[in-house]
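To start, the structure itself, in structure tokens.
Taken together, the values in this text are just the output of simple stated rules run on the coordinates, not laboratory data. Source: prediction; values computed, not measured. Cβ: placed from backbone, ideal geometry, glycine included. Neighbour counts: every protein chain shown.
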Amino acid sequence: MLKPAAPDHRWIASHIPHQGTMCLLDSVQQWDEQEITCVAYSHSAPDNPLRAHGRLGIACGIEYAAQAMAVHGALLAPADIQTPKVGYLVSVRGVKMAVDRLDAFAGALEVKANCLMASESNMLYAFTLSADGTLLLEGRAAVMLNAESLAL
């Protein structure tokens, strides 16, 4: 069962590597061990760092989904953990884009991520972005945990 959540933008920014305007999510709507739903309004911001040529393309929604996955990991991390695992997005698959741009929607973006598989070193998520009840983007993403230790 999904838990109502209070994490807001300030909490999110303190628990993921993205800071300032690059922290794209505004709040967590609900979450449990398998999935998370976040809300974002930054797609409408003129200073959104992902904007190019005066627009925010739909592919940027993958970054919104990746941040939701990072927040999910932060919420699931044990409270007593010294160094949280760092996740790296290593691939996206099955991405379907239903629109051309994210900034065409004035209302909130709903960003959902559902953990399909998790191990000590990898996670696989399905994700969707929607606005006003319209599906904008969906796909799957593979995340490698603590990949920097593999390079040594």
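What to note about this one:
- At an R0 of 22 angstrom, the distance between the Cβ atoms of A59 and L135 translates into a FRET efficiency of 0.90.
- For a label point 7 Å along the Cα-to-beta-carbon line of N146, residues of segment 16-55 with backbone N under 14 Å: none
- Inter-site label distance for V95 and M117 at 7 Å from Cα along Cβ, in nm: 2.1 nm
- 222 nm mean residue ellipticity, helices alone, for the chain (DSSP H n ≥ 4; -39,500 (n - 2.57); rounded to 500): -4500 deg cm²/dmol
- Using C-alpha pairs below 8 Å separated by at least 6 residues, the relative contact order for the chain is 23 percent.
- For the chain, the longest principal axis of the alpha carbon atoms and the long axis of helix 61-76 meet at an angle near 30°.
- The phi-based Karplus calculation (6.51 cos²θ - 1.76 cosθ + 1.60; θ = phi - 60°) puts the 3J(HN,Hα) values of segment 86-92 at 9, x, 10, 5, 10, 6, 10 Hz, whole numbers, x for Gly and Pro.
- From least to most packed, judged by other beta carbons within 10 angstrom and beginning with the fewest, S44, S119, S14 follow the order S119, S14, S44.
- Amide H to amide H, with H built 1.01 Å from N, D32 comes under 5 Å of K3, counting only residues 5 or more places away or on other chains.
- Long-range HN-HN contacts of R101 with modeled amide H, under 5 Å: I58
- Given (i) 0.95; (ii) 1.02; (iii) 1.18, the label whose value is Rg/Rh (Cα atoms, Kirkwood Rh) derived from this model: (i)
- Amide H contacts of D26: V39, A40, Y41, each under 5 Å away and 5 or more positions distant or on a separate chain (H built 1.01 Å from N in the peptide plane; Pro and chain starts excluded).
- Placing dummy labels 7 Å off each Cα toward the beta-carbon, the span from Y88 to D47 is 3.1 nm.
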